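The values are calculated or read from the model by the stated rules, or taken from the named source; none is laboratory data. Predicted, not measured: the structure shown is a model, and the values here were computed from it. Note that each Cβ is placed from the backbone with ideal geometry, even for glycine, and that neighbours are counted across all protein chains shown. To get the accessible areas, we keep the full protein, side chains included, count just its heavy atoms, and leave off ligands, DNA and RNA. Shrake-Rupley method; radii C 1.70, N 1.55, O 1.52, S 1.80 Å.
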Amino acid sequence: MASATTCRTLLLAAVVLTAQLCGCTAYVGVGGFSVEFIHRDSVKSPYHDPALTAHDRVLAAVRRSTVRAAALARSYVGNGAVSEVVSRPFEYLMAVNVGTPPTRMLAIADTGSDLVWFECEPRAATAGAAPPSSVFNPSSSSTFGRVGCNSGACHALYGTSCDASSNCQYLRSYIDGSKTSGLLSTETFTFESIPGGCSGCRSHPYVLLPNVSFGCSTSTNGTFVVDAMVGLGAGNSSLIGQLGAHTSLGRRFSYCLVPYTVKNASSALNFGDRATVTEPGAATTALVRSDFEAYYTVVLESVRIGNASFEHLSRVIVDSGTPLTFLEKALVDPMVEELSRRIGTGFPKVPSPPKPLQLCYDVGGPTRRYWFSKSVPDVTLYLAVFGVAVTLKADNTFVELQEGFMCLAMAPVTKEHPLSILGNLAQQNMHVGYDLDKGTVTFAPDDCASSYKSLPVHG
């Protein structure tokens with residue numbers, strides 16, 4: 001067994017693995033790893049409400065879409081003082097073990113954010129914020145450190161200042177008025193790699209990343225319902241930016257979102273080599289500059305349904321945190337008309353769909369739902385720069401809002417939410433890979449439920 005000194009040296013080398021049966025961390029030169037990407041309505045989520053039906057959850061997701069889309073828009077056109085999305089609507093979580101010995105934190109994983117932060121002790125009395133489910137205590141960790149206010153990490157994050165001890169303190173304001181503040185710190189993060197999530201590793205390894213910069217939050221005010229966030233945005237302070245700067249994994253990640261209708265299966269969030277999208281039919285396009293660094297943006301050139309093509313050049317944010325897709329009205333209106341024509345009169349339309357939805361059908365029971373899905377044509381998005389096509393199937397374009405009611409999961413942008421967004425319903429059963437080093441995003445059809453065999457749920 002290696003000595004304690006050797007262990008500490010290896011911890012600082014790069015991303016390393018700890019096998020469950022090994023008392024010392026050993027360097028393994030891993031090329032990538034995968035973790036569980038937990039939907040907020042999953043039974044593994046603390047936000048799971050067993051009293052809600054599957055349709056209640058979909059309706060709630062639609063409502064969250066409008067709130068998040070409006071928040072994205074306000075942050076997008078802001079002056080930089082407010083840059084994060086609303087603190088309440090979120091869709092996916094990931095577990096991170098923080099410190100040595102580790103404290104398990106369940107955090108929002110958000111592609112629209114560039115900050116990593118956790119609730120820390122000692123906490124100041126706050127107003128409006130829910131009590132945290134878990135709090136990190138820095139004094140109990142042997143690897144905890146503070147970040148100086150003159151450091152590059154402090155300057156890379158907006159809204160920072162110096163405290164009396166020359167530590168980097170930050171204040172992060174959210175669109176809904178919520179705030180979190182504390183000291184920028186460093187710590188060792190441990191990720192539990194899912195089964196099969198690390199090629200050549202033992203059955204259930206742990207992936208360690210030392211010296212991660214994160215916000216150690218001691219004060220929160222407002223409507224927070226969570227106590228931790230892992231930003232997966234394109235900014236240097238996000239987890240992706242730090243992986244690229246301090247490891248050989250590069251600024252690469254991907255996810256494969258399991259459809260809402262599939263039970264007892266988790267989505268996968270991949271880093272490094274495991275984020276490479278190699279499935280047949282993969283379509284790669286360029287990421288273009290966004291007004292806010294954290295957002296991943298592509299250029300949509302046109303939409304095709306059958307032989308009908310609708311052209312309208314627009315920038316579209318690819319977002320895992322918004323269920324619905326929002327497109328320009330110049331695209332949505334002719335799409336609704338063409339879909340209505342092709343689906344035909346065999347299924348009665350719902351007279352007044354709930355806002356912001358534009359098209360719903362009463363399709364009845366499971367047999368007719370099957371035939372309805374067969375009648376829905378593919379919707380193909382043509383993305384500019386590289387000139388690639390991304391095809392959306394019926395499960396990407398329609399969602400069962402309530403028993404027997406199938407609704408188009410797309411809505412027009414409005415004055416309240418004027419940004420075009422490719423939402424997570426449209427990304428279900430797709431392997432979506434981001435490579436910030438190359439400036440690209442890749443989409444490929446996949447069976448996401450089989451990409452990660454979820455561990456059984458106990459209790």
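What number of residues within segment 361-376 are open to solvent by 20 Å² or more (accessible area, probe 1.4 Å) and closer than 11 Å to PHE398 by Cβ?
Here is the first cut: in segment 361-376, the residues open to solvent by 20 Å² or more (accessible area, probe 1.4 Å) are 362, 364-371, 373-375.
Among the residues that remain, those that are also closer than 11 Å to PHE398 by Cβ are: 369, 373, 375.
Qualifying residue count for the region: 3.
Out of the residues in segment 131-162 that are among the hydroxyl-bearing types (Ser, Thr, Tyr) and farther than 27 Å from PRO102 by Cβ, which is surrounded by the most Cβ atoms within 10 Å (Cβ to Cβ)?
For segment 131-162, the residue satisfying everything is TYR158.
Any idea which of (1) over 21 Å from PRO445 (Cβ atoms); (2) surrounded by 15 or more Cβ atoms within 10 Å (Cβ to Cβ) is the one THR345 doesn't satisfy?
(2)
Kindly list the number of the only condition in (1) more than 18 Å from ALA61 (Cβ to Cβ); (2) open to solvent by 10 Å² or more (accessible area, probe 1.4 Å) that fails for SER420.
Just one mismatch for SER420, condition (2).
Please list, ordered by first then second residue, the pairs with beta carbon atoms under 9 Å, 6 or more apart or interchain, first in segment 137-160 and modelled with pLDDT of 95 or more, second in a loop (DSSP other than H, G, I, E, B) and hydrophobic (A, V, I, L, M, F, W, C).
The qualifying pairs are PRO138/PHE144.
Just checking, how many residues over segment 232-259 are part of a loop (DSSP other than H, G, I, E, B) and open to solvent by less than 60 Å² (accessible area, probe 1.4 Å)?
Residues of segment 232-259 that are part of a loop (DSSP other than H, G, I, E, B), as a first pass: 232-238, 247-251, 258-259.
Of the ones still in play, those that are also open to solvent by less than 60 Å² (accessible area, probe 1.4 Å) are 232-235, 237-238, 247, 249-250, 258-259.
Of the residues in segment 232-259, 11 are part of a loop (DSSP other than H, G, I, E, B) and open to solvent by less than 60 Å² (accessible area, probe 1.4 Å).
Does at least one position in segment 439-458 carry a residue that is open to solvent by less than 20 Å² (accessible area, probe 1.4 Å), in contact with a helix residue (DSSP H, G or I) (Cβ under 9 Å, 6 or more places away or on another chain) and part of a strand (DSSP E or B)?
no
Residues that are surrounded by 15 or more Cβ atoms within 10 Å (Cβ to Cβ), within 28 Å of LEU287 (Cα to Cα) and not hydrophobic (A, V, I, L, M, F, W, C): does segment 326-336 have at least one?
Within segment 326-336, one or more residues are surrounded by 15 or more Cβ atoms within 10 Å (Cβ to Cβ), within 28 Å of LEU287 (Cα to Cα) and not hydrophobic (A, V, I, L, M, F, W, C).
Of these, LEU425, LEU408, LEU401, which one is modelled with pLDDT of 95 or more and either open to solvent by less than 20 Å² (accessible area, probe 1.4 Å) or over 20 Å from the mean Cα position of the chain (by Cα) (or both)?
From the options LEU425, LEU408, LEU401, the qualifying one is LEU408.
Just give me the residues in segment 374-403 being touching a helix residue (DSSP H, G or I) at 6+ places or on another chain (Cβ under 7 Å), among the aliphatic types (A, V, I, L, M) and assigned to a strand (DSSP E or B), in sequence order.
Those that are touching a helix residue (DSSP H, G or I) at 6+ places or on another chain (Cβ under 7 Å), among the aliphatic types (A, V, I, L, M) and assigned to a strand (DSSP E or B): VAL379, VAL399, LEU401.
Quick check on my filter: what residues within segment 264-304 are in contact with a Gly (Cβ under 8 Å, 6 or more places away or on another chain) and small (Gly, Ala, Ser)?
Within segment 264-304, ALA268, GLY272, ALA275, ALA286, ALA294 meet the criteria.
Is there a residue being among the hydroxyl-bearing types (Ser, Thr, Tyr), modelled with pLDDT of 80 or more, in a loop (DSSP other than H, G, I, E, B) and touching a strand residue (DSSP E or B) at 6+ places or on another chain (Cβ under 9 Å) anywhere in segment 207-222?
Narrowing segment 207-222 to residues among the hydroxyl-bearing types (Ser, Thr, Tyr): 213, 217-220.
Retained after the next criterion (residues that are modelled with pLDDT of 80 or more): 213, 217-219.
From the residues that got through so far, the ones that are in a loop (DSSP other than H, G, I, E, B) too are none.
For segment 207-222, residues among the hydroxyl-bearing types (Ser, Thr, Tyr), modelled with pLDDT of 80 or more, in a loop (DSSP other than H, G, I, E, B) and touching a strand residue (DSSP E or B) at 6+ places or on another chain (Cβ under 9 Å): absent.
Among the residues in segment 208-231, are any without any contact (Cβ under 8 Å) to a residue 24 or more places away in the chain and open to solvent by 30 Å² or more (accessible area, probe 1.4 Å)?
No, that holds for no residue.
Looking at VAL58, VAL28, which is the one that is in a loop (DSSP other than H, G, I, E, B), at pLDDT below 80 and in contact with a strand residue (DSSP E or B) (Cβ under 6 Å, 6 or more places away or on another chain)?
Sole residue among the options that is in a loop (DSSP other than H, G, I, E, B), at pLDDT below 80 and in contact with a strand residue (DSSP E or B) (Cβ under 6 Å, 6 or more places away or on another chain): VAL28.
Please determine whether any residue of segment 282-294 is open to solvent by less than 10 Å² (accessible area, probe 1.4 Å) and at pLDDT below 95.
Yes: segment 282-294 contains one or more residues that are open to solvent by less than 10 Å² (accessible area, probe 1.4 Å) and at pLDDT below 95.
Tell me which of these TYR255 doesn't satisfy, since it passes every other one: (1) more than 25 Å from ALA426 (Cα to Cα); (2) out of contact with any Gly (no Cβ under 7 Å at 6 or more places or on another chain).
Result: TYR255 fails condition (1) only.
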